[in-house]
Amino acid sequence: MSLERHYSYDNDEDEEVCPDYNAATRISVRRSNTVATASSGATSSSASGSGSASSGSSSGHGVQWDSPFDAPRCTPPLRSFSLPQHQQNVRRAGTPLRAPRLPPTAPLRPLRLRPERYLYTYTMRAGGAPLTFFISVEPENGKPTPGTYTLRLSLKADDVERPIGDPVELELSIDPRTLDFTIFLFPGKNNVVPAGCLYSLRVWLRAGGVDHRVLGEDELWVGAEPDFGSVADASFANLRLASGVDSQVYDAVVGRARVQFIIRWHSLGDRYFRYTMEYTANGVGKILMNDLRLRVDGDPRRVAFLIYTIPVRSAPAGASHRLRVWLKTRALPPDGAAPSQSPAVDAHVYQRVWKSDAFKIGHRLDFQALGPSLVMGVRTGAPQTIVMEVQAPSPVAMGYQRDTKTLV
């Protein structure tokens, strides 16, 4: 049974308890009283009444209840509203009151207004290595609407993920959240070492019975514990234990010359890192690998590499080499894999991430062995010091020109 609540007030109430403010002040007081009433459990109609209602409650007039029961009910009086003493003093001094200004708050961006991308995950095992492939479908406008989409392919082994190939753009008028991809590997050439590590990768998209090849890679080198001992004449670099906090130093001997390969990583945010590799030998060096992007979920210092060189027949002998860089991670199965599919604890997955077929370096090369037709240059004196103008264009950009301002 519902109860009806009525309020009764006298017509001749004392007006001194709540002074007669201007209209703007009365509106601000009512809004403040309304919020407080809503939070305390009373109805908003009691707060939006006239100023006499507030003063009536402070005069001792309670709220009357009509109940079908004979037992009387005692209800607490409504809480009266009164301004702080310092505001009453300001009002008596003749200074108009203003509604307090609330501090501005930054508007929150709804989740639906943030850009979206759609990630498809595929797992497989190639050469005994557990692999996880990700296909990222990214709309140009950030929403699943018809338009231009960018597709990116990446490969993850253990806690290290790297991009595969270049991204491609597609025009889609179908729902990007229900795409049907087919991804597979097939072996490459057989006469390569280490054997069983070269694959070709293909990604096809099926829509309405029509298949479209969207992504692919012809040389994907990956395997679990490859037989690197089968690489003839390979010279392997050794990781130096005392490396830096953001670098790794590998000692190697290339063409009888002692060389250090230094791998550094630079944080890009969100667990993404840019890896670079340079070499140095007796004070001379060069950057070889400049932009290897990796996403590392764990400690980037735990990411290891396998670096080795292979001599190539050249003149003079020992001057040219092949350089190979492999990424080394643990051979852990993907999340949700069966325990029977787990490899050995000490197994590792190797991925070739960089190569060079023309790494030129050697120790005391015999250039006279090039033959009697060799014409050798002779240095004439000490080098000249050229004072360059601050704003002068680079001689490399304009072509080499001799500057007349020289110091001997």
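The values are calculated or read from the model by the stated rules, or taken from the named source; none is laboratory data. Quantities reported herein were computed from a predicted structural model and do not represent experimental measurements. For neighbour counting, all protein chains shown are included, and Cβ atoms are generated from backbone atoms with ideal geometry for every residue, glycine included.
On the stretch given as the stretch 194-213, residues that are touching an Asp or Glu at 6+ places or on another chain (Cβ under 8 Å), over 20 Å from Trp354 (Cβ atoms), part of a loop (DSSP other than H, G, I, E, B) and of a type outside the set (A, V, I, L, M) total 0.
Among the residues of the stretch 220-239, is any polar (S, T, N, Q) and either touching a residue at least 40 places away in the same chain (Cβ under 8 Å) or closer than 21 Å to Ala157 by Cβ (or both)? Among the residues of the stretch 220-239, at least one is polar (S, T, N, Q) and either touching a residue at least 40 places away in the same chain (Cβ under 8 Å) or closer than 21 Å to Ala157 by Cβ (or both), which makes the answer yes.
A quick yes/no check of all residues on (1) closer than 17 Å to Leu323 by Cα; (2) more than 32 Å from the chain's Cα centre (by Cα):
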| residue | (1), (2) |
| --- | --- |
| Val214 | no, no |
| Ala224 | no, no |
| Phe228 | yes, yes |
| Ala234 | yes, yes |
| Ala237 | yes, no |
| Asp251 | yes, yes |
| Lys286 | yes, no |
| Leu292 | yes, no |
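Considering only residues that are farther than 21 Å from Pro144 by Cβ and either among the small types (Gly, Ala, Ser) or exposed (fewer than 12 other Cβ atoms within 10 Å of the Cβ) (or both), which ones fall in the stretch 175-210? Scanning the stretch 175-210 gives Phe186, Gly188, Lys189, Asn190, Asn191, Ala195, Gly196, Ser200, Gly209.
Return yes or no: is Gly216 in a strand (DSSP E or B), surrounded by fewer than 15 Cβ atoms within 10 Å (Cβ to Cβ) and in contact with a strand residue (DSSP E or B) (Cβ under 6 Å, 6 or more places away or on another chain)?
Here the answer is no, as Gly216 does not meet what is asked.
Condition first: touching a residue at least 60 places away in the same chain (Cβ under 8 Å) and touching a strand residue (DSSP E or B) at 6+ places or on another chain (Cβ under 6 Å). Can you find one or more residues in the stretch 260-276 that meet it? Checked the stretch 260-276: no residue is touching a residue at least 60 places away in the same chain (Cβ under 8 Å) and touching a strand residue (DSSP E or B) at 6+ places or on another chain (Cβ under 6 Å). In the stretch 133-175, the residue that is nearest to Leu185 (Cα to Cα) out of those that are in contact (Cβ under 8 Å) with a residue 12 or more places away in the chain and among the β-branched types (Val, Ile, Thr) is Ile164.
Pairs meeting the criteria (first residue in the stretch 349-370 and farther than 15 Å from Gly285 by Cα, second residue surrounded by 14 or more Cβ atoms within 10 Å (Cβ to Cβ) and acidic (Asp, Glu), beta carbons under 9 Å, at least 6 apart or on different chains) are Val349/Asp158; Val349/Glu225; Tyr350/Glu225. Being closer than 16 Å to Val214 by Cβ and outside any strand (DSSP E or B) is the filter here; which residues of the stretch 179-193 pass it? Across the stretch 179-193, the qualifying residue is only Leu179. Of the residues in the stretch 108-124, not one is crowded, with 17+ Cβ neighbours inside 10 Å and assigned to a loop (DSSP other than H, G, I, E, B). State whether the residues of the stretch 151-169 include one that is surrounded by 20 or more Cβ atoms within 10 Å (Cβ to Cβ) and either within 14 Å of Val214 (Cβ to Cβ) or among the polar types (S, T, N, Q) (or both). Yes, because at least one residue in the stretch 151-169 is surrounded by 20 or more Cβ atoms within 10 Å (Cβ to Cβ) and either within 14 Å of Val214 (Cβ to Cβ) or among the polar types (S, T, N, Q) (or both).
Within the stretch 278-325, the set of residues being part of a strand (DSSP E or B), among the small types (Gly, Ala, Ser), in contact (Cβ under 8 Å) with a residue 60 or more places away in the chain and within 22 Å of Phe367 (Cα to Cα) comprises just one member, Ala281.
Quick check: anything in the stretch 225-240 part of a strand (DSSP E or B), among the polar types (S, T, N, Q) and surrounded by 12 or more Cβ atoms within 10 Å (Cβ to Cβ)? Looking through the stretch 225-240, at least one residue is part of a strand (DSSP E or B), among the polar types (S, T, N, Q) and surrounded by 12 or more Cβ atoms within 10 Å (Cβ to Cβ).
The residues listed here are Pro339, Pro300; of these, the one that is out of contact with any Lys or Arg (no Cβ under 7 Å at 6 or more places or on another chain) and either exposed (fewer than 10 other Cβ atoms within 10 Å of the Cβ) or modelled with pLDDT under 90 (or both) is Pro339.
Taking the condition of being of a type in the set (Ser, Thr, Tyr), farther than 21 Å from Gly298 by Cβ and part of a strand (DSSP E or B), how many residues in the stretch 144-174 meet it?
3
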